Amino acid sequence: MVDEHSPQFKVAAARRMLYRAGLDPDDMAGQVTVRDRDDPTSYWTSPMETFDVTTPGSVVKLTAYLEPIAGGVTSEGRFIIESDAGSAVSTASGWVGGIFAARPDVGCVIHTHAPHIGAVATTGDVVQLYNNRSLIFYGDQSFYDDDGTHTDSKEEIVAQLGARNVLIMRNHGAAVVGETVEEATMRAVLLERAAQFQVLAQSIGGSPFADDPVFERRRIPHVTNLALLWDSHLRRLRRTDPDLFEPVGEFAGAGVRG
C-alpha cells in the first residue's frame, strides 16, 4: 500500500491536483518540491513530465545544491546529468533550492506556469482583489520581472519573494510557497482561480477593491481552510486517479535538462 504521508506521495498528489484544477495541463517544467522532514538540507522534487502522470515512484530526492542523493544519477557542477534510465529535472531547481535555503519556514515550493497567472504576469502586476476569493493573497504577493534574459536568476528570485508566499513571475507564472505541501498546493490552485476571475472581470470592465487594512484580518480564515481544501481534492483523486494510490517500484533516476 502506498504511504500517503510520504513526501513522494504528496509531491505526486499535488501535481495531480494542480493538473485537475487546470494548472500546467501540457507543461513539464513546472515543479512541486518538498523539504525532507528528516534532512532539511535536501528536498523531494518532480521530474520533467506532465503533471497528470507523476507517481510517488517517479519523485526524486536532491540536496539544496542539486547533488543527487537518491535516484542513482551523477552530477557535474550545479547540474545533474540525465541518466539513461531516468528523466530530467528542471533547471528551476536551482532557484527553488535558493528559496529553501533563504526561508527555513518554507516546507514546499511550487513553480507553476498556469495560464491565467501567466496572463496576469504580463501586466507587470500581481493578482488583484476582485472578489473575496482573492483575500488570501492580500498583501502576500511580490513581482519578478523576467524579460527572458535572466530566467533562472536565483538571487533576484529569492530577493523578490522576500518573506511573502507568492511571487508572480513575468515569462513564467508564479512561485508559491507554504509551510506544508498541502498549504502551498491549495494556495497555487486558488491563485489560478483568482487570476482567472481577474482576467474575466477585466474583460467586461470590472475593477478591483481599493486597499483597506480590514482585508488583512479577513484573509486569515481563508488560510486556515487550505488543509481542508487539500483533503477534498485528495478525495477527488481517489475517484479520478486510482493509479496514484497503487504501489510502485523505485524510480531509476533523474537529471537536469536546460
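If packing is taken as the average count of other Cβ atoms within 10 Å, what order do 187-194, 175-182 fall into, highest mean first? Don't skip to the end; give the middle numbers.
Working: 187-194: 25.0, 175-182: 22.6.
Going by the mean number of other Cβ atoms within 10 Å, highest first, we get 187-194, 175-182.
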| Got a sec? How would H111, H5, H172 order by Cβ neighbour count within 10 Å, fewest to most? | H5, H172, H111
| task | With a ≥ b ≥ c taken as the square roots of the eigenvalues of the C-alpha gyration tensor of the stretch 128-206, please select rounded if a/c is under 1.5 and otherwise prolate if a/b is larger than b/c or oblate if it is not? | result | oblate
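222 nm [θ] for the chain, helices only, -39500 (n - 2.57) per DSSP H run of 4+, per residue, to 500?
Numbers: 8 runs with 87 residues, N = 258.
Calculated mean residue ellipticity at 222 nm is -10000 deg cm²/dmol.
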| task | For the chain, calculate the relative contact order in percent as a whole number, restricting contacts to Cα pairs under 8 Å that are 6 or more residues apart. | result | 26
| Direction-averaged shadow area of the convex hull around the Cα atoms of the stretch 90-165, nm²? | 5.5
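If I stretch the segment between D26 and N225 completely, what's the gain in nm (0.36 nm per residue apart, minus their alpha carbon distance), one decimal? Walk me through the numbers on the way to the answer.
Values: separation 199, 0.36 × 199 = 71.64 nm, distance 2.87 nm.
Value of the extension gain: 68.8 nm.
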| task | Two decimals is fine: what is log10 I(q)/I(0) at q = 0.12, 0.15, 0.17 Å⁻¹ for the stretch 7-250, from a Debye sum with one equal scatterer on every Cα and no solvent? | result | -0.65, -1.02, -1.30
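Read-outs: derived from the displayed coordinates by stated rules, not from any lab. Just so it is clear, the structure is predicted and the values come from calculations on it, not from any experiment. In this analysis, Cβ positions are derived from the backbone assuming ideal geometry, glycine residues included, and neighbour counts consider all displayed protein chains.
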